[in-house]
Amino acid sequence: MSELNLEVARREETGKGVARRLRHSGRVPAVVYGGHKESVAISIDRKVVSEILKKSEHGVRSIFLLKMTGSDQQRHAMIKELTIHPISRHVTHIDFVRVNMTEVVKVTVPLHAVGTSKGVKNNGGILDFQVRELHVECLPNAIPDTIDIDVTELDIHDSVRIADLKIPQGVKVLDDDDRVVLTVALPRAEVAAEAVVVDPAVAEPEVLKKGKSDEDDAKK
């Protein structure tokens, strides 16, 4: 996991009006808390935050070294919560939590399939993810960007459990080892077709000969 330097400024005033003015000026209001210390209100340049999220797929999971403008204060932190405007897609608020680089943290790490499975390539299957990320515990500088899954040898109906994954050294998975992560499944259309296939011998309806009615006999 990479460490990203981020310059921040202290906010002396708080409130909705102040936050609104900051956003209009191109800055994002934020808060740093945790680490057995009081919360600190800060602001960050919105363009800088946007670039981090745009360039790095896992920037939001990175360790940030927050450097206070106009002082020598700096502190490692992670993003705890990120608020994005539903229309403009601009970041509107960030909650940072302080981290100690010598203490383990609990985070989620995304899973990433590597290669093309035999079932997908040769039999038209699809990778059906049951789990997209894992809950792990490790030191901040040991947080992996992703946990890769080699799916090359997987065929139709093959599956991968958490116990089958290659977990980086120093990382402890907190989820159940027996939980299925992904399966190579048939496309839904084929599954539906298989579901309605029946034995013709069993499905063939019995044809009964219609007997003559008393009315027909009377007409003769």
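The values are calculated or read from the model by the stated rules, or taken from the named source; none is laboratory data. Only a predicted model underlies this, so the values are computations on that prediction, with no experimental measurement involved. Please note: Cβ atoms are built from the backbone with ideal geometry, for glycine as well, and neighbour counts cover all protein chains shown.
Residues in segment 51-78 that are at pLDDT below 90 and assigned to a strand (DSSP E or B): ILE63 only. Looking at LEU154, LEU182, LEU134, just one residue is of a type outside the set (Lys, Arg), part of a loop (DSSP other than H, G, I, E, B) and at pLDDT 95 or above, and that residue is LEU154.
Residues that are in contact (Cβ under 8 Å) with a residue 60 or more places away in the chain and over 30 Å from GLY35 (Cβ atoms) were ranked within segment 100-117; the one that is nearest to the chain's Cα centre (by Cα) is ALA113. Quick one: is ASP176 in a loop (DSSP other than H, G, I, E, B), within 19 Å of the chain's Cα centre (by Cα) and more than 24 Å from LEU65 (Cα to Cα)? For ASP176, the condition - in a loop (DSSP other than H, G, I, E, B), within 19 Å of the chain's Cα centre (by Cα) and more than 24 Å from LEU65 (Cα to Cα) - is met.
Pick from segment 23-50 the residues that are surrounded by fewer than 20 Cβ atoms within 10 Å (Cβ to Cβ) and assigned to a helix (DSSP H, G or I): which of them is modelled with the lowest pLDDT? It comes out as SER50. The set of residues from segment 1-17 being in contact with a Ser or Thr (Cβ under 9 Å, 6 or more places away or on another chain) and either among the small types (Gly, Ala, Ser) or over 12 Å from LEU66 (Cβ atoms) (or both) comprises MET1, SER2, ALA9, ARG11.
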